Amino acid sequence: MSGAVQTALAAPAGPARRAVRDPLVAGLVGLCLAAAAGLLVAPPAPYLVNALGQLAAFAILAVSLDLVWGYLGILSLGHGLFFAIGGYVCAMHLLAHGVAVTGVLPDFVQFMGWKSLPAYWVGLDHAPYALVLALALAGLVAFVFGLASFRSRVNGVYFSIISQALVYVAMLLMYRNDTGLGGNNGMTGFPLLFGWPMGSPGVVTGLAVAALLTLAAILAGTRLLVGTAIGRRMLACRDDETRLRTLGYSTTRLKLGIWCLSAMIAALAGILYVPQVGIINPRVLAPDLSIEIAVWVAIGGLGRLGGAVIGAILVNGLKFWLSAAMPEAWPFILSGLVLLVVLVLPNGLLDLVGWRPRPTWLRGAR
Amino acid sequence: MTALVVDALTVAFGRFTALDAVSLAVDPGEVRAVIGPNGAGKTTLLDVISGITKPVSGRVMLGDRIDLTKRSEVEIARAGVRRKFQKPSVFPALTVRENLEIGCGPPLPARDRPDRIASVLGEIGLGPRAEVPAGRLAHGEKQWLEIGMVLAAEPALLLLDEPVAGLSDAETAETAALIRSLRRPDRAILVIEHDMGFVEAIADRVTVLHEGRTLYEGSMAGARAEPRVIEVFLGR
Ligand SMILES: Nc1ncnc2c1ncn2[C@@H]1O[C@H](COP(=O)(O)OP(=O)(O)O)[C@@H](O)[C@H]1O
Ligand SMILES: [Mg+2]
């Protein structure tokens, strides 16, 4: 790459101009908007619409992890926890909404022999409250865990392991039937979404469009964020936290803020995911699922938000297709992909096309 | 007033005593060099002053007011202390200009930063390289960039850990001139260095450390005449 090109790529600019210089993100945002418009104008078969909507939810989840891992160097192996918080609260809303409209209690409540929804479900039939509760809960759990970890300087591999332990403990908790959250069967049989019958073509399309638009907004928003002074401090913190602290910046606050933001984005992904699959159970808290999120990001290209989206869509697209065709082979294919990326393409699939929005982003970190 | 007082500082790593009751005082406007063989405890001394390592006992007073041993790195930096690390520590993913912008520190309002950055770029001679990612700089350029980063905050106490390590003779001479130009009545500079010629060129006084203890304090000429110092530096 010539010096002039480098200089042009690295030239200082306002955050907006910078985002435009990231053609991958700009292209993906455009693609999301076009796909959303396409679904509204000429929707394909509902199962395809649904698959697209689920992929968009996974892509949001991948972006949330890339934000903390790629830009801040914090590898969470427990992001499924925040995804699940969003998903569970969304499921509670859908069931509470169903009860409010139809008066019929969900199966698992009847199975427990209860005469009504548990007390703490109160108000969850109101969607705005459920949305705020989901995001606040994810943010709060992230805050408590992040504060404890970052203040005592728990970093790197230790943080990853503890985050994994956290999601595992949450899974054990959710397997219990007396939590009032469906126990090991989870929650399913959501009758209605905003009064509309779940599974009707309009609802399926609406959910997919909402997921695509959210993805576009999250992708654009996070890209703008990493282009600001805060984003530069994130990269600085990732590459040399002590150096940044000794320049007078509280890295604890920086990490905590971005960590909570990431958790809330993951919860948003869970909120969008659950009505599209129609079920949530403790399996979303399985440790291997949280690891898989990291795999999507690593495969697509760590530290490039567009790469995270590509990784999530590619791996999950492949999974949708292959786990139907040959389910036994999927774990081996996934492992093979990981090995390929680790050995051949250390910066992910974007290496294939020589994609380097800012050439040295990762070189210094490794 | 004294700019910096290190008072009976003792640091231990497990059973190993890296600093053993070290004391020194630096006046405002002074350039002090700390010299000593490898492993003498020089970097450890800077680690304590900048809050990275906590001592077993002793105090480090900044401007007679603040005991730095009781503060975090962030608080110490905000009190006006900046430190250049022995291993050049710049942010590789950011450009030279972005590194300097971070170096300006949180208190400097954003609108004042471009001027400050421009003047620092001039001082460290990296103006033409302003938009290059720091990860691409040559070793000497990284050393200078890091000096620029710690300068950008206009520190009252500047700590420089081996600023000319790995530099050519010409670069060393330039760096000596740069450090001399940083001398100000309200600023104290503490430089750690092996290169005796360099120390002679920049320092008002030297402190010789050896195995965690102060061996000598005074002029460089005096250090050269001191038998114990000669013994420690034999062969240099
Ligand atoms: N974090 C640490 N843990 C254990 N020993 C250390 C640590 N930091 C420094 N030391 C030891 O303390 C001694 C002084 O080291 P240092 O201050 O780096 O010396 P200098 O900078 O004078 O070469 C050395 O023997 C070194 O091995
Ligand atoms: Mg040293």
Within the stretch A:55-62, can one find any residue that is under 30 Å from A:N155 (Cβ atoms), part of a helix (DSSP H, G or I) and open to solvent by 10 Å² or more (accessible area, probe 1.4 Å)?
yes
In the stretch B:25-49, anything farther than 20 Å from B:R15 by Cβ and within 13 Å of ligand 2 (Cβ to nearest atom) is listed as B:V34, B:I35, B:G36, B:P37, B:N38, B:K42, B:L46
So, in the stretch B:44-78, of the ones that are surrounded by 18 or more Cβ atoms within 10 Å (Cβ to Cβ) and facing another protein chain (nearest Cβ under 9 Å), which residue ends up farthest from ligand 1 (Cβ to nearest atom)?
B:R78
When you go through B:L94, B:L108, B:L145 one by one, which is the residue that is more than 8 Å from every other protein chain (Cβ to nearest Cβ) and open to solvent by less than 20 Å² (accessible area, probe 1.4 Å)?
B:L145
Among the residues of the stretch B:116-126, is any assigned to a strand (DSSP E or B), at pLDDT 95 or above and more than 12 Å from chain A (Cβ to nearest Cβ)?
no
Any residue that is away from ligand 2 (no atom under 16 Å from the Cβ), within 28 Å of B:D27 (Cβ to Cβ), touching a residue at least 12 places away in the same chain (Cβ under 8 Å) and open to solvent by less than 10 Å² (accessible area, probe 1.4 Å) - is there at least one of those in the stretch B:125-140?
no
Which numbered condition A:L213 fails, given (1) closer than 21 Å to A:G30 by Cα; (2) buried (at least 20 other Cβ atoms within 10 Å of the Cβ):
(2)
Just the residues that are open to solvent by 50 Å² or more (accessible area, probe 1.4 Å) and on the phi > 0 side of the Ramachandran plot, please, taken from the stretch B:201-220.
B:E211
Select from the stretch B:1-37 the residues that are open to solvent by 50 Å² or more (accessible area, probe 1.4 Å) and free of Cβ contacts under 8 Å to residues at least 24 places away in the same chain and write down the one among them that is farthest from ligand 1 (Cβ to nearest atom).
B:R15
Residue selected from the stretch A:170-203 under the condition out of contact with any Phe, Trp or Tyr (no Cβ under 9 Å at 6 or more places or on another chain) and assigned to a helix (DSSP H, G or I), by the criterion nearest to A:L55 (Cα to Cα)
A:P201
Out of curiosity, is A:L268 over 30 Å from B:K87 (Cα atoms) and either open to solvent by less than 20 Å² (accessible area, probe 1.4 Å) or without any contact (Cβ under 8 Å) to a residue 24 or more places away in the chain (or both)?
no
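The values are calculated or read from the model by the stated rules, or taken from the named source; none is laboratory data. Computed from a predicted model, the values in this text were never measured in an experiment. Every residue, glycine as well, gets a Cβ built from its backbone with ideal geometry; the counts of neighbours run over all protein chains shown. For accessibility, only protein heavy atoms count, side chains too; no ligands or nucleic acids. Shrake-Rupley method; radii C 1.70, N 1.55, O 1.52, S 1.80 Å.
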